[in-house]
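Asks: Handing you this structure, nothing more for now.
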Amino acid sequence: MKKQIWLAVFVLTALMILISPSFVMASEGKEAASSADIFVGQAPNPNVDRLRRFLAYYDSPLANYAPVFVEKASRYNLDWKLIPAITGVESTFGKAIPFNSYNAYGWANGEYSFKSWEESIEVVSKTLRENYANRGADTVEKIAPIYAPPSQTWAGKVLYFMDKIENFAPNKTIALELSL
């Protein structure tokens, strides 16, 4: 009788694993977790999860690219919230962009087209490091007159979204105030 109970428990456990969302995603050729989320010998980066949840909350097409934002920010020694916050100001987190441009940053006044979200995050991150921060524009306030002239409100809006990302709690309802 004990063998039958253990067999039933084993079978039920196996079935639960087989129908779990992470297993189904993996079996459909989709990764259950991004490779950028997993570091051997380290815990997943909580900033990736926070950013992913924040962007998903606003139905952003960039939500799945949270690991890329965080990795590029680390690579170029930028605040991990900067580039996503710029997308909030320039395109409502990637929702209002020229068709197939992947330009959520207002890059070249919105006239520039990237080949992919990954490329756009790489180029914008690298450029902000090399052509802005390395030349003395190392704060949002110093970046603003170069990135978004003649706007007097751009820096404040970027800082607003950086704060919203930093303090995002997925179990709380927060209002997205686009009219700052």
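Only the coordinates and a few stated rules stand behind these numbers; no lab work does. Owing to the predicted nature of the structure, the values given are computational and were not obtained by experimental measurement. Using ideal geometry, Cβ is built from the backbone for each residue, glycine included, and neighbour counts are taken over all protein chains shown.
Asks: Hey, can you tell me all the residues within the range 101-114 that are under 16 Å from Y65 (Cβ atoms) and either surrounded by fewer than 10 Cβ atoms within 10 Å (Cβ to Cβ) or in contact (Cβ under 8 Å) with a residue 24 or more places away in the chain (or both)?
Replies: A104
Asks: How many residues, within the range 101-121, are assigned to a helix (DSSP H, G or I) and either in contact with a helix residue (DSSP H, G or I) (Cβ under 6 Å, 6 or more places away or on another chain) or of a type in the set (F, W, Y) (or both)?
Replies: 4
Asks: Another question, if that's okay. I'm checking my understanding of the structure. Among residues of the range 73-100 that are of a type in the set (V, I, T) and in a helix (DSSP H, G or I), which one is surrounded by the most Cβ atoms within 10 Å (Cβ to Cβ)?
Replies: This residue is T87.
Asks: So which residues in the range 50-62 are surrounded by fewer than 20 Cβ atoms within 10 Å (Cβ to Cβ) and within 23 Å of N109 (Cα to Cα)?
Replies: P61 - this is the single residue of the range 50-62 that is surrounded by fewer than 20 Cβ atoms within 10 Å (Cβ to Cβ) and within 23 Å of N109 (Cα to Cα).
Asks: If you go through the range 45-68 one residue at a time, how many are polar (S, T, N, Q), under 13 Å from G94 (Cβ atoms) and either in contact (Cβ under 8 Å) with a residue 60 or more places away in the chain or outside any helix (DSSP H, G or I) (or both)?
Replies: Count: 1.
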